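Have a look at the structure below, then the notes.
Throughout, read-outs are computed from the coordinates displayed, never taken from laboratory work. For clarity, every value in this text was computed on a predicted model and none was experimentally measured. Glycine gets a Cβ as well: all are built from the backbone with ideal geometry, and neighbour counts include every protein chain shown.
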Amino acid sequence: MGKMRVARPTRSLAPVVRFYREGLGFELRGGFEDHAGFDGVMLGCPGLPYHLEFTVERGHEAPRAPSKEHLFVFYVPQRDEWKARVKRMVQAGFEPVRSHNPYWDVNGMTFEDPDGYRVVLYQGEWTR
């Protein structure tokens with residue numbers, strides 16, 4: 001497989017973009033306005049084979065996350081890098097939340113975006 005885009009609607013584009021850009025360090029990769037009634041932004045990190053797309057459909061309000069288990073999990077193998085990423089989130093104004101699944105709290109830190117979707121920064125290797 002090649003690259004992957006994960007796309008989802010958002011209730012408010014600017015706060016979600018701020019969470020992923022300022023908190024997680026994603027970069028703006030592109031965007032569009034009024035494309036068949038949709039506005040959107042793509043965010044990613046150089047060299048990684050995925051990016052995130054957030055869209056707003058004009059005249060519609062996207063629902064909040066259906067549960068606290070709707071997660072993006074980012075595995076950060078180096079402890080110093082993990083600490084820096086957590087610090088960046090907190091300095092951007094995003095406080096950690098207790099994970100619904102306690103497994104993620106053992107070696108990770110969970111943050112909730114403005115739509116209620118959660119991001120886990122997991123300190124460890126992807127092993128499977």
With only alpha-carbon pairs counted, each pair once and no self-pairs, how large is the Kirkwood hydrodynamic radius of the chain in angstroms? 15.4
Could you check the spin-label model distance between residue 58 and residue 18? Points 7 Å from the Cα along Cα→Cβ, value in nm. 2.4
Please work out how much length the chain gains when fully extended from residue 73 to residue 92, using 0.36 nm per residue of separation minus the C-alpha to C-alpha distance, in nm with one decimal. 4.9 nm
What residues qualify as long-range amide H neighbours of residue 72, i.e. H under 5 Å apart, gap of 5 or more or another chain, H built at 1.01 Å from N? 118, 119, 120
For region 80-88, what does the Karplus curve 6.51 cos²θ - 1.76 cosθ + 1.60, with θ = phi - 60°, yield as ³J(HN,Hα) per residue in whole Hz, taken in order and with x for Gly and Pro? 5, 5, 4, 4, 5, 5, 5, 4, 4
For residue 14, net neighbour charge (Lys/Arg +1, Asp/Glu -1) across residues whose Cβ lies under 14 Å away: -2
Where in region 42-128 are there chymotrypsin sites (Phe, Trp or Tyr not before Pro) that are in a DSSP coil and have at most 11 other Cβ atoms within 10 angstrom of their Cβ? 126
